[in-house]
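A.B. asks: This is the structure I want to talk about, given as structure tokens.
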Amino acid sequence: MIDVRPSQRMRDLGIVQHDARILAEPARAFDLPTEREEAERITDELFAAMERVGQVHPFAKGMGIAAPQIGIGRAAAVVQPPGDAPAITLLNPRITGHSDETDEQYEGCLSFFDVRGLVPRPLKITVETTALNGATVTTTYERGLARLIHHEIDHLDGLLYTSRMRTGVDPLPVEEYRQTGRSWAYDGS
């Protein structure tokens, strides 16, 4: 039996991998409500991709996916919090505030699933999004959910979590990460 690398498995599921230019470019915002149908179509594609990924890998700590990760350069992402919480749709999200208090946890990413990286992030963020009807919605997220949301907004800004890691800290191969005994891993493990 051939052992398939986790990143290859994600690529096979339609997830764009880290070397693709689209992941380094800021996503284009929606003009809502004018582009409502386009936003709904892309959101549906994101949920379908999340479903495909969820069938091959469990995400006990929640997961998210941004439109650039499925090859669409638009400002849309979806996040599935852990447990039975409803999914969160983010259209044109923008972080408008954050706590000074941070923590550093391991994260993973569907776009380079072979490694995990130790990433400092604020424990609390305030996010402004656009509803399908064009209204602005402001929501505050805390702890793990703030980390999930922030990670996806970074994708929409053309950033990967490695750009947030402290200088001199490198991502760990997933096999080494599993040996650390750390319990948090966003987007996998």
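A.B. asks: What tally of residues in the range 88-110 results from selecting those that are modelled with pLDDT under 95 and either of a type in the set (A, V, I, L, M) or under 30 Å from Phe30 (Cα atoms) (or both)?
C.D. replies: 4
A.B. asks: Turning to a different aspect of this structure: Hey, any hits in the range 62-83 for a residue that's surrounded by fewer than 17 Cβ atoms within 10 Å (Cβ to Cβ) and under 20 Å from Thr139 (Cβ atoms)?
C.D. replies: Yes: the range 62-83 contains one or more residues that are surrounded by fewer than 17 Cβ atoms within 10 Å (Cβ to Cβ) and under 20 Å from Thr139 (Cβ atoms).
A.B. asks: Follow-up. On the basis of being within 15 Å of the chain's Cα centre (by Cα), modelled with pLDDT of 95 or more and open to solvent by less than 80 Å² (accessible area, probe 1.4 Å), does Gln17 make the cut?
C.D. replies: no
Rundown of residues vs (1) in contact (Cβ under 8 Å) with a residue 40 or more places away in the chain; (2) part of a helix (DSSP H, G or I), yes/no style:
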site: Asp19; (1), (2): no, no
site: Leu23; (1), (2): yes, yes
site: Ala49; (1), (2): no, yes
site: Ala60; (1), (2): no, no
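A.B. asks: Something else about it: Testing Glu175 on (1) open to solvent by 10 Å² or more (accessible area, probe 1.4 Å); (2) among the acidic types (Asp, Glu); (3) at pLDDT 95 or above, one condition comes back false. Which one is that?
C.D. replies: Going through (1) open to solvent by 10 Å² or more (accessible area, probe 1.4 Å); (2) among the acidic types (Asp, Glu); (3) at pLDDT 95 or above one by one, Glu175 breaks only (3).
A.B. asks: Would you mind stating whether Gly108 is open to solvent by less than 50 Å² (accessible area, probe 1.4 Å), of a type in the set (Gly, Ala, Ser) and closer than 16 Å to Gly64 by Cβ?
C.D. replies: Yes; evaluated as a whole, the condition is true for this residue.
A.B. asks: Just the residues that are under 19 Å from Val137 (Cα atoms) and in contact with a helix residue (DSSP H, G or I) (Cβ under 6 Å, 6 or more places away or on another chain), please, taken from the range 28-59.
C.D. replies: The one that is under 19 Å from Val137 (Cα atoms) and in contact with a helix residue (DSSP H, G or I) (Cβ under 6 Å, 6 or more places away or on another chain): Phe30.
A.B. asks: Let me ask something else about it. Looking at the range 29-84, which of its residues are out of contact with any strand residue (DSSP E or B) (no Cβ under 6 Å at 6 or more places or on another chain) and among the hydroxyl-bearing types (Ser, Thr, Tyr)?
C.D. replies: Thr34
The values are calculated or read from the model by the stated rules, or taken from the named source; none is laboratory data. This is a predicted model, so every value here is computed, not measured. So basically every Cβ, Gly included, is an ideal-geometry build from the backbone, and we count neighbours across all protein chains shown. Keep in mind that these areas ignore ligands, DNA and RNA; they rest on the heavy atoms of the full protein, side chains included. Shrake-Rupley method; radii C 1.70, N 1.55, O 1.52, S 1.80 Å.
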